[in-house]
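Undergrad: Structure below; questions to follow.
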């Protein structure tokens, strides 16, 4: 367990260096809506994206991959089969698996797919919005009630605030401990935990949810960062890199009086320019 924010930050320089040196081959089974943004985000953070879905080649791909990212945003029978084959292979090769349970809690198909993946495979990290994480907590008996997600977006009643931060942190920590995984719950304040150390990250910008794919991009770079480091430290670098890039992209958009299209491009630019000095000096984190 880590008890001090300074201890968390002092490893960031080495962690980011390892991530970029590793150039983790990041196999993403993601949705067609955001696949291009995910690939560019992985490249920007220092990873190497691989987007394969055909069942005939998946065993070969996962065998050489450093990490597997599963995103259930646009499910189909073929894609679910691809996810199963990839996860089965990842279990055999001890390849980290990152799960983005997009829209879990909304439909029975998404619920069943999420539960099957978590129960039957070694999930290293789960990254979702707080409504999705609460839906998983309900499915696994950690939470009695949860609000229904608004499609793939967070329910307004679930939004993480200073007032409910501690309660949400305790809930997510309990779920991470039960599932033996790292969980990153995204929101105005993000919560990251491995079931022992729980961290609140108060960075980012309210323009980020206004572009399609910011969550999918984050899950993909969580994968690249874990592929080049440890699950907790890699996830922390990923969320700080994404959120601080968002803050800088917003400042650039306002400076030039531009909109969400430009914001999306600047977000990738600033991900590419991520450095440890910025992550350390501009981070706003605390251990709960």
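Undergrad: Please note which strands (runs of 3 or more DSSP E) are completely contained in region 174-278 and include at least 1 residues that are touching a residue at least 12 places away in the same chain (Cβ under 8 Å), under 12 Å from the mean Cα position of the chain (by Cα) and buried (at least 18 other Cβ atoms within 10 Å of the Cβ).
TA: Values: elements: 182-186, 190-193, 198-201.
Strands (runs of 3 or more DSSP E) meeting the threshold: 182-186, 190-193.
Undergrad: Hey, can you tell me all the residues within region 124-161 that are modelled with pLDDT of 90 or more, surrounded by fewer than 24 Cβ atoms within 10 Å (Cβ to Cβ) and in a loop (DSSP other than H, G, I, E, B)?
TA: The answer is 140, 141, 142.
Undergrad: What's the total number of residues in region 66-114 that are within 24 Å of residue 138 (Cα to Cα) and part of a helix (DSSP H, G or I)?
TA: Summing the residues that are within 24 Å of residue 138 (Cα to Cα) and part of a helix (DSSP H, G or I) in region 66-114 gives 11.
Undergrad: Follow-up. Sort through 75, 25 and tell me the only one that's touching a helix residue (DSSP H, G or I) at 6+ places or on another chain (Cβ under 8 Å) and modelled with pLDDT of 95 or more. Steps first, please.
TA: Numbers: 75 fails: modelled with pLDDT of 95 or more.
Only one candidate qualifies: 25.
Undergrad: Assuming residue 54 fulfils every condition listed in (1) over 20 Å from residue 215 (Cβ atoms); (2) assigned to a loop (DSSP other than H, G, I, E, B); (3) touching a helix residue (DSSP H, G or I) at 6+ places or on another chain (Cβ under 7 Å) apart from one, which condition is it?
TA: Here residue 54 clears every test but (3).
Undergrad: Okay, moving on. State whether the residues of region 45-59 include one that is crowded, with 22+ Cβ neighbours inside 10 Å, farther than 17 Å from residue 220 by Cα and out of contact with any strand residue (DSSP E or B) (no Cβ under 7 Å at 6 or more places or on another chain).
TA: Looking through region 45-59, at least one residue is crowded, with 22+ Cβ neighbours inside 10 Å, farther than 17 Å from residue 220 by Cα and out of contact with any strand residue (DSSP E or B) (no Cβ under 7 Å at 6 or more places or on another chain).
The values are calculated or read from the model by the stated rules, or taken from the named source; none is laboratory data. Please read all numbers here as calculations on a predicted model, not as lab measurements. Neighbour counts run over all protein chains shown; Cβ positions are idealised from the backbone, glycine included.
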